[in-house]
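Please treat every number below as a calculation from the coordinates, not as lab data. Being a predicted model, the structure only gives us computed values, none of them experimental. Ideal geometry is used to build each Cβ from the backbone, glycine not excepted, and the neighbour counts take in all protein chains shown.
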Protein chains: 2
Amino acid sequence: MPRPRRPLLTRDRIVETALALIDADGLGALSTRRLAAALGVQGPSLYNHFATKDEILDAVADTVTGAVDTGGFASRDWASALRDWAWSYRRALTAHPNVVPYLAQGPGRRPAALAMADAVYGGLVRAGWPPARATHIGAALRYFVAGSALGSFARGFVEDPELYAAHYPHLRQAHRLAEHQQSVDEGAFALGLDALLHGLAAEYARTVDPVESNG
Amino acid sequence: MPRPRRPLLTRDRIVETALALIDADGLGALSTRRLAAALGVQGPSLYNHFATKDEILDAVADTVTGAVDTGGFASRDWASALRDWAWSYRRALTAHPNVVPYLAQGPGRRPAALAMADAVYGGLVRAGWPPARATHIGAALRYFVAGSALGSFARGFVEDPELYAAHYPHLRQAHRLAEHQQSVDEGAFALGLDALLHGLAAEYARTVDPVESNG
DNA sequence: TCCCTAAACTAGCGGTGTAAGTTTTCATTC
DNA sequence: GAATGAAAACTTACACCGCTAGTTTAGGGA
């Protein structure tokens, strides 16, 4: 097949299809040839639109991150905005769990991640947090969200209770985690986020705005 | 070479060498042939000792996790034990950052991870936390530690300031993060951990031990 | 002493990312 | 309207990957 009348591929179509394949079959199952086949094309043709496979994955990661809503920082108090953002962030990642391992490494140069960091940092500084503190808070929340989306605590527990009871006395119920994985994950996230925000509010009252907290 | 007088390989030697190669050159650079070459052996010989490459990586992950100290739960109050554990956990991971991406996925069946979870869960329940809460707390801390070890917020920022200033007004100083990556990571971790523990202490006082907190 | 297993080997399969060079079409310019 | 050059597909091929199969020999137990 020579050059077609109208291009068969566009960057958007490639990214879209790659994300669908990753969602369906996992990160490891995405090869350039399989992706090309899904697009009705031969493998190397992708390289007319992207320089490397990683560039494709970066674009996929960017669209996933792009779904995160940071609008709260423009309209709500910093704590509510942080909470909204964290949940939106988590939803964006858990919507595409297979992408998360790739996404979690080196987000500094992807536009959507930069825009997100910018919004969070700006919102916190505007609320009165010192710049260094704002950086730390944004990073800490990011750690928590990424960690929760990535390696679920419950994932990997198998159904056989005998396997655990013998060697790990306190985990006798661990096999039951497999049944409730999603609720455990959400519960742990909710608890951790609340605790984090509670602790941050205390520090805010102590160091940023002592008047309001005392009055 | 036929079967040698004394075996050239042992599981321990393989795991040790694999960890050293991963530390030196990254996860992606570890191939069975390269690992075998470092051991003075041909690639497939590894399969006399491990069934798959993933089994080797699981063993590597297990030794990394095995360095985590959960001793605090036997001797200190739950909050101090959590703090000690979290820092020890973080130190164990950051000592081998290249292993973390593998480690972060599916730790449920590795012995060291199970022992760790068992110690944490047991310690929290012993301190009076309801079992479901103990599960959530252990998971939340794990999320935070894994997230912080995995994708450093600062990693990936490049040194060119112009790149950021134009599009992300609040990140004008972002390029400086690259210089201070380690201190930013540690600061964010310390802040987040303190906030988490502060929030948990408040919940403990409210729901588990209201008498002591009121008296 | 005999035999089975262990632990190395060699050869090779199907798959990977990607580089190189080819062919044809489209859009532009003289 | 012809010439030109880039664009976008192609085919071929390379080096590497994880892993399987079958072979060879040394060592330990009956």
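At-a-glance table
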| item | result |
| --- | --- |
| Inter-site label distance for residue A:76 and residue B:11 at 7 Å from Cα along Cβ, in nm | 5.0 |
| Estimated vicinal HN-Hα couplings, Hz - the range B:202-211 in sequence order (Karplus 6.51, -1.76, 1.60; Gly, Pro = x) | 5, 5, 4, 4, 7, 10, 9, 9, x, 4 |
| Karplus-derived 3J(HN,Hα), 6.51/-1.76/1.60, for each residue of the range B:54-68, Hz, glycine and proline x | 4, 5, 5, 5, 4, 5, 4, 4, 5, 5, 5, 5, x, 7, 6 |
| Inter-copy label distances at residue B:91 (7 Å, Cα→Cβ; nm, one decimal) | 4.1 |
| Distance (nanometres) between label positions extended 7 Å along Cα→Cβ at residue A:52 and residue A:206 | 4.4 |
| The range B:11-27 - phi-based ³J(HN,Hα) in whole Hz, Karplus 6.51/-1.76/1.60, Gly and Pro as x | 4, 4, 5, 5, 4, 4, 5, 4, 4, 5, 5, 5, 4, 7, 10, x, 4 |
| Sequence ranges A:88-101, A:19-32, B:186-199, ranked by mean other-Cβ count within 10 angstrom, highest first | B:186-199, A:88-101, A:19-32 |
| At 7 Å out from Cα toward Cβ: residue A:37 inter-copy label distances (nm, ascending) | 3.0 |
| Rg and Dmax of the range A:22-114, Cα atoms only, in Å | 15.9, 52 |
| Teacher prompt: residue A:128 distances to equivalent labels in other copies, 7 Å Cα→Cβ, nm | 3.4 |
| Proximal charge balance of residue A:90 [Cβ under 15 Å; K/R count +1, D/E count -1] | -2 |
| Closest-to-axis residue of chain A (Cβ criterion, axis taking A to B), whole Å | A:147, 1 |
